[in-house]
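The values are calculated or read from the model by the stated rules, or taken from the named source; none is laboratory data. Since the structure is predicted, the reported quantities are computational estimates derived from the model, not experimental observations. Neighbour counts run over all protein chains shown; Cβ positions are idealised from the backbone, glycine included. Calculation scope for accessible area: heavy atoms of the full protein, side chains included, ligands and nucleic acids excluded. Shrake-Rupley method; radii C 1.70, N 1.55, O 1.52, S 1.80 Å.
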Amino acid sequence: MSTTKKLNAGSIKLTKENILQGHLGEKIKSISGSDKVLTKNELIKERRKIIPDNGIGEDIYVFAYGSLLWNPTVEYEEQFPAKVYGFHRSFCMKTNLGRGSFENPGLMLALDHGGSCRGSAFRLNKNDAIKNIDILFKREMVTGTYKPKLLKTNLNNNNKKVLSLAFTVDRKHKNYFAEKNISLKAKMISNAHGFLGTCQEYFDNTLESLEELNIKDFEMRAISNQLKKLNKTL
């Protein structure tokens, strides 16, 4: 089952072209107090830690659990229902940039430790898999916030097991958000916006994709209910 593809509504569109041309990194550099933007060589070095230039000897998959579901920005051959164990989807990473500000930080999804997570796995074409992975690193690892990993992934209700690239949270990073309070998370999502758009747009698009995939996520549902209550009071 596929998901409807969407584009963010912010001043900087998150497209493959803008990522490759460095517009995302340039915008971050222009914001005072931003984290260091990794260079092309630094990003390749990070990617080579888990995926060498000649690949991993088998098809490479990308595990999508958040915005990659509705805006993957890479070319892929097939999309499969997928599940990983040992990590769960959570709004556990603060953002002061793309969908937040230093005055009103937003929250982004990441894979946090424990439990399991359902999403989609994109199978990349072997001929340009590394090229597409480098695009993802330039997008997701622009400031080195995530910890990319190759995770054992079950496809099509356990019919096949593969390795997929996934971006997990770094609990040692200063932006890691350990708070579990759903009301607080909803308020942060409701108030935050940045150059990529509002944090609520990110939330709504992701929830819509999960519904298209018939995936029920407890935290997403709980935050959605709180957001509805907040919006009624505005």
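Here are the numbers for the structure shown:
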quantity: Long-range neighbours under 7 Å by Cβ, at least six apart or interchain, first residue without any contact (Cβ under 8 Å) to a residue 40 or more places away in the chain within the stretch 97-116, second part of a strand (DSSP E or B) and surrounded by 24 or more Cβ atoms within 10 Å (Cβ to Cβ); calculated: SER116/VAL84
quantity: Residue in the stretch 155-164 that is basic (Lys, Arg), open to solvent by 20 Å² or more (accessible area, probe 1.4 Å) and in contact with a Cys (Cβ under 9 Å, 6 or more places away or on another chain) present; calculated: no
quantity: Unmet criterion (only one of (1) β-branched (Val, Ile, Thr); (2) under 12 Å from the mean Cα position of the chain (by Cα); (3) outside any strand (DSSP E or B); (4) on the phi < 0 side of the Ramachandran plot) for VAL62; calculated: (3)
quantity: Among (1) of a type in the set (Val, Ile, Thr); (2) surrounded by 13 or more Cβ atoms within 10 Å (Cβ to Cβ); (3) more than 28 Å from THR15 (Cα to Cα) - the single one THR233 does not satisfy; calculated: (2)
quantity: Extreme residue, surrounded by the fewest Cβ atoms within 10 Å (Cβ to Cβ), among residues of the stretch 69-121 that are of a type in the set (Phe, Trp, Tyr) and in contact with a helix residue (DSSP H, G or I) (Cβ under 9 Å, 6 or more places away or on another chain); calculated: TYR76
quantity: Members of the stretch 12-33 found to be among the hydroxyl-bearing types (Ser, Thr, Tyr) and within 19 Å of the chain's Cα centre (by Cα), listed by number; calculated: THR15
quantity: Count of the stretch 11-21 residues which are open to solvent by less than 80 Å² (accessible area, probe 1.4 Å) and either free of Cβ contacts under 8 Å to residues at least 40 places away in the same chain or touching a Cys at 6+ places or on another chain (Cβ under 6 Å) (or both); calculated: 2
quantity: Selected residue [under 19 Å from the mean Cα position of the chain (by Cα), open to solvent by less than 20 Å² (accessible area, probe 1.4 Å), modelled with pLDDT of 95 or more and among the hydroxyl-bearing types (Ser, Thr, Tyr)] from THR206, THR198; calculated: THR206
quantity: Residue check for SER120: modelled with pLDDT of 95 or more, under 22 Å from SER2 (Cβ atoms), part of a strand (DSSP E or B) and touching a Leu at 6+ places or on another chain (Cβ under 9 Å); calculated: yes
quantity: Cβ pairs under 7 Å, 6+ apart, first in the stretch 28-47 and at pLDDT below 95 and surrounded by 11 or more Cβ atoms within 10 Å (Cβ to Cβ), second assigned to a loop (DSSP other than H, G, I, E, B) and of a type in the set (S, T, N, Q); calculated: ASP35/THR143; LYS36/THR143
quantity: Total residues in the stretch 1-48, condition touching a Pro at 6+ places or on another chain (Cβ under 8 Å) and among the charged types (D, E, K, R); calculated: 3
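Each row is one residue, and each column tells you yes or no for (1) closer than 30 Å to LEU20 by Cα; (2) among the aromatic types (Phe, Trp, Tyr); (3) in contact with a helix residue (DSSP H, G or I) (Cβ under 9 Å, 6 or more places away or on another chain).
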| site | (1), (2), (3) |
| --- | --- |
| MET141 | yes, no, yes |
| GLY197 | yes, no, no |
| ASN205 | yes, no, yes |
| GLU211 | no, no, no |
| ASP217 | no, no, yes |
| THR233 | no, no, no |
